[in-house]
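What follows is a set of notes on a single structure, which appears directly below.
The values are calculated or read from the model by the stated rules, or taken from the named source; none is laboratory data. Because the structure is a prediction, the values reported are computed rather than measured. Glycine gets a Cβ as well: all are built from the backbone with ideal geometry, and neighbour counts include every protein chain shown. Each accessible area value is taken on the protein alone, full model and side chains, heavy atoms only, with ligands, DNA and RNA left out. Shrake-Rupley method; radii C 1.70, N 1.55, O 1.52, S 1.80 Å.
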Amino acid sequence: MTDMASKSTSPPAALAVSLAGGLALGVLTNLAQGWLPGAWNQIANSGAVWAAVAFAAGAALAGRCRLPTLAAAGLCVEIGLVAGYYGYATLARHDDVGSLLGWPVLWAAFACVAGPLLAVAAAWWRRGRTGWHRAAGLGALGGLFGAEGLHYAVVLHYPAQVWACAAVALAVPLLAVRGERTRTLAAVGALTLVAYAAVFLPLGLL
């Protein structure tokens, strides 16, 4: 029998790796805005893509850490993304710190919510006790892309990105095991509306 202790990851290690990975990816997304053509550079500044990193961290650590550590790892990833993105903008691109201050604070506030939630959602998907737990966990990822697709359609009017986000949202249920794909698709649809109302509508008022 495999020793379960050998599969565990210590909380300090999980948090350190998550923070370092977030910092590196934050710098990368800043650079990618200059690499991607036209309106596609918006993908590098996508809240759903950033949140998906927390989901990936939670999926990687599921079963290796307790839920509080998973939630903290998701937070570290998202804070690292914000720090890496705006740190590079300030130090390498010499952007004005004063003009940027509001956005890092805003995204850090979202990070405090999205990071833990998406990391725990990933753990639900990987280790959920019921089919609805697993569907809701995976549906949270698809719902974010669905909500961002609505934002692209209603506010930004970027049709290519609308189709890209819709494709991701509809493809996410394929990650579910056979027999759970229909309920995962339903969860994606419901959470798309919830995420749009909770995140993107308030953003439009700023």
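Computing Rg and the Kirkwood Rh from the Cα coordinates of the range 8-81 gives a ratio, Rg/Rh, of 1.06.
Applying 0.36 nm per residue to the separation of ARG126 and TRP163 and subtracting their alpha-carbon distance, the gain on full extension is 10.6 nm.
Using 0.36 nm per residue of separation minus the Cα-Cα distance, give me the extension gain between ALA32 and ALA92 in nm, one decimal.
Numbers: separation 60, 0.36 × 60 = 21.60 nm, distance 1.42 nm.
Extra length from ALA32 to ALA92 when fully extended: 20.2 nm.
At q = 0.12, 0.13, 0.14 Å⁻¹ the log10 of I(q)/I(0) for the range 73-163 amounts to -0.53, -0.61, -0.69, computed by Debye summation with a single uniform scatterer per C-alpha, solvent ignored. Taking every Cα-Cα distance in the chain and sorting them into 5 Å bins starting at zero, the pair-distance distribution P(r) comes out as 1, 8, 15, 18, 19, 17, 11, 6, 3, 1, 0, 0 percent. Computed over protein heavy atoms with a 1.4 Å probe, the carbon and sulfur contribution to the accessible area of the range 31-85 reaches 67%.
Which residue fluctuates most in the GNM of the chain (Cα springs below 10 Å): GLY80, GLY34, GLY149? Checking each option, the largest mean-square fluctuation is seen for GLY34. Accessible surface computed residue by residue for the range 59-206, with neighbouring protein chains in place and a 1.4 Å probe, gives 52 Å² per residue.
Ranking ALA92, ALA109, LEU31 by how far each Cα lies toward the positive end of the dipole of the chain (charges on Cβ) leaves ALA109 at the top. Can you give the translational diffusion coefficient of the range 140-206 in µm²/s, computed by Stokes-Einstein from the Kirkwood radius over Cα pairs at 20 °C and 1.002 mPa s? This corresponds to a translational diffusion coefficient of 180 µm²/s.
Placing +1 on the Cβ of every Lys and Arg and -1 on the Cβ of every Asp and Glu, with nothing else charged, gives the range 103-197 a dipole about its Cα centre of roughly 460 debye.
Per residue of the chain, the DSSP helices (runs of n ≥ 4 H) give a summed -39500 (n - 2.57) that works out to -24000 deg cm²/dmol at 222 nm. Of all the options LEU141, LEU170, LEU75, the one that moves most in a Gaussian network model of the chain with Cα springs shorter than 10 angstrom is LEU170. With the simple spin-label model, which puts each label point 7 Å out from Cα in the Cβ direction, the LEU175 to ASN45 separation comes to 2.6 nm.
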